[in-house]
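Worksheet: one structure, shown below.
The values are calculated or read from the model by the stated rules, or taken from the named source; none is laboratory data. Because the structure is a prediction, the values reported are computed rather than measured. Note that we place each Cβ from the backbone using ideal geometry, even for glycine, and neighbour counts take in every protein chain shown.
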Amino acid sequence: MSTDTAKGHQQHPIGLYLKVWILLFVLSTFSYMVDYFQFHGMVRWGLILIFMILKAGFIVAIFMHMAWERLALIFAILLPPLAVLVLVGLMSAEADYTFITRQLFFAK
């Protein structure tokens, strides 16, 4: 039994990190290809956001070791930002409603 195992440390295989690094490189290449092929509008932003979220997810899961944490810790770290995103979406919808209402009211 090695000293690292006796102390409770876990060594993850280097191959896993290399595979994720290559996957991140491929996703970054796809992200750049969105600009190269000159996608426009919602398709462009949708693809960019999808690639960004995938890359961030792999970085958090593997390089920040969240894939091996307890479920309670994962929820404690990931749920607050998700709640903030939901609230930002609700505020955005409310802002659009307020903007349209003001345009209709002041247009008279």
Test: residue in the stretch 50-73 that is at pLDDT below 90, assigned to a helix (DSSP H, G or I) and aromatic (Phe, Trp, Tyr): yes
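Can we say residue 42 is at pLDDT below 95, under 30 Å from residue 10 (Cβ atoms) and among the aliphatic types (A, V, I, L, M)? Show your work before the answer.
Numbers: at pLDDT below 95: yes; under 30 Å from residue 10 (Cβ atoms): no; among the aliphatic types (A, V, I, L, M): yes.
So residue 42 fails the test.
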Answer residue from the stretch 15-45, given it is under 16 Å from the mean Cα position of the chain (by Cα) and hydroxyl-bearing (Ser, Thr, Tyr) and is surrounded by the most Cβ atoms within 10 Å (Cβ to Cβ) among those: 31
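Given the criteria surrounded by 12 or more Cβ atoms within 10 Å (Cβ to Cβ), of a type in the set (A, V, I, L, M) and in contact (Cβ under 8 Å) with a residue 12 or more places away in the chain, does residue 48 qualify?
On the way: surrounded by 12 or more Cβ atoms within 10 Å (Cβ to Cβ): yes; of a type in the set (A, V, I, L, M): yes; in contact (Cβ under 8 Å) with a residue 12 or more places away in the chain: yes.
So residue 48 fits the description; yes.
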